[in-house]
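Working notes, beginning with the structure itself.
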Amino acid sequence: MRGPAPQEILNTPPPEIRMSSKATQAYLDMRRKILTGEYQTNQILIPKSIEEEYHISNNGTQMLLLRLAIEGLVKVLPVKEKTWPNNAAVNEYRVADLEIRHRIFSTRHGGFVSDISKGGHPAHIETLTLKVQYADAEIAKLLEITPGDKVIFHRTLQRSDKNTVIAISDTYLPFWFVDVLPELEKPDSDIYQLMQQLGKKPSWCTETVDITQASSTERVLFELSPDDPSALLKIIRRAFDDEGNPLNVDFLTDRGDIYRLHYSFPLFADGIPKPVRDK
């Protein structure tokens, strides 16, 4: 489905709602104001003002805003600065950008910094963990090594700017990568360029994508509100050389409300290089 236009959404109220209640009427009115542009993108919505305008309770207002957030019409953000009249609030509510094509466009070509920076974002990587450990059964299978072999584990926060974490990456690399280990800690590091420095030839990539809700751990790392209903993209990414040898595996967690992923692939199996056809 391409995505319904705002007018089509406006003409299709959510099913099974109590049309006669004041809270529902307030919800539908605010929904209309967002979809018709009466409320502007990023405009802050103050719960106390909503209560007073529509004569509804605090609980009714919170439910109204949650419904709008679930529809993607409102963004729920953690309050970073206490200011009147929002000084007692836990969340900040803003009108969402309804145009999904305004999200960060990722082609998945190259490392994170080189990919995201193409769109004009000052992307950089912040290392949280970098250590040598022993491969468990899952990692060993994905890297085609023996369980218990040494691997390099690198956990990073990936930022589109200094204030916005858009991805968390858990990367596992074969132990031959140890020769360039210090380079990984640099904020503009690119593991595929580093592989080339080591004489490797990364050329092919496979990804598996799942949609999940954020855990408490992920909400802390992404600096999300506990009430933000936005989904996360869970991606297992494997890179290979021309002979089909795995060079790394990434467990990526991307913000689904910020990222757009672009893929290109052959339509028939014989268009896939034979060494990686069944990976």
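Every read-out reported here was derived from the displayed coordinates using simple, explicitly stated rules and does not represent laboratory data. Quick caveat, the model's predicted, so the values are computed rather than measured. When we count neighbours, we look across all protein chains shown, and the Cβ atoms used for this are built from the backbone with ideal geometry, even at glycine.
Ranking Met30, Ile70, Val165 by how far each Cα lies toward the positive end of the dipole of the chain (charges on Cβ) leaves Met30 at the top. At q = 0.07 Å⁻¹ the log10 of I(q)/I(0) for the chain amounts to -0.35, computed by Debye summation with a single uniform scatterer per C-alpha, solvent ignored.
Subtract the Cα-Cα distance of Asp242 and Asn163 from 0.36 nm times their separation in residues, and report this length gain in nm to one decimal. List each step's numbers first, then the result.
Working: separation 79, 0.36 × 79 = 28.44 nm, distance 3.82 nm.
Computed gain between Asp242 and Asn163 is 24.6 nm.
The charge dipole of the stretch 6-99, taken about its Cα centre with unit charges on the Cβ of Lys, Arg, Asp and Glu (plus for the first two, minus for the last two), comes to roughly 220 debye.
What are the membrane-span-like helices in the chain by this rule: whole DSSP H runs, Cα extent along the axis at least 30 Å, mean Kyte-Doolittle hydropathy at least 0.5?
none
Return the FRET efficiency for the residue pair Ala5, Phe175: r is the Cβ-Cβ distance, R0 is 45 Å, and the value is rounded to the nearest 0.05.
On the way: r = 53 Å, r/R0 = 1.18.
Rounded to the nearest 0.05, the efficiency is 0.25.
Can you order the peptides 262-273, 99-110 by their average number of other Cβ atoms within 10 Å per residue, highest first? Display every interim value, and only then the final one.
On the way: 262-273: 9.1, 99-110: 13.9.
Ranking the peptides 262-273, 99-110 by packing returns 99-110, 262-273.
Shown in residue order for the stretch 187-193 are the 3J(HN,Hα) couplings computed by the Karplus curve 6.51 cos²θ - 1.76 cosθ + 1.60 at θ = phi - 60°: x, 10, 5, 9, 5, 6, 5 Hz (x for Gly and Pro). For the stretch 121-234, the pair-distance distribution built from all alpha carbon pairs, in bins 10 Å wide starting at 0, is 12, 36, 38, 14, 1 percent. Over the stretch 103-276, Cα pairs under 8 Å with separation of 6+ residues give a relative contact order of 23 percent. In sequence order, the stretch 265-278 has phi-based couplings of 7, x, 7, 10, 4, 6, x, 9, x, 4, x, 10, 4, 9 Hz under the Karplus curve 6.51 cos²θ - 1.76 cosθ + 1.60, θ = phi - 60°, and Gly or Pro positions carry x.
Here the stretch 215-248 is scanned for amide nitrogen atoms under 20 Å from the site 7 Å beyond the Cα of Val79 along Cα-to-Cβ, giving 220, 223-229.
Here is the P(r) of the stretch 6-99: all C-alpha pair distances, binned every 5 Å from 0, give 3, 13, 26, 26, 20, 9, 3, 1 in whole percents. Taking amide hydrogens as modeled 1.01 Å from N in the peptide plane, which residues meet the under 5 Å criterion relative to Ala123, leaving out close sequence neighbours? Amide H to amide H, under 5 Å and 5 or more residues apart or across chains, Ala123 pairs with Ser117. Placing dummy labels 7 Å off each Cα toward the beta-carbon, the span from Tyr134 to Ile100 is 4.5 nm. In a simple Cβ point-charge model (Lys, Arg +1; Asp, Glu -1; nothing else charged), the chain has a dipole of about 400 debye relative to its Cα centre. Calculated FRET efficiency, Thr206 to His55, Cβ-Cβ distance, R0 = 51 Å: about 0.35 to the nearest 0.05.
May I ask you to derive the FRET efficiency for Lys22 and Val90 from their Cβ-Cβ distance with R0 = 35 Å, giving the value to the nearest 0.05?
Values: r = 24 Å, r/R0 = 0.68.
It comes to 0.90.
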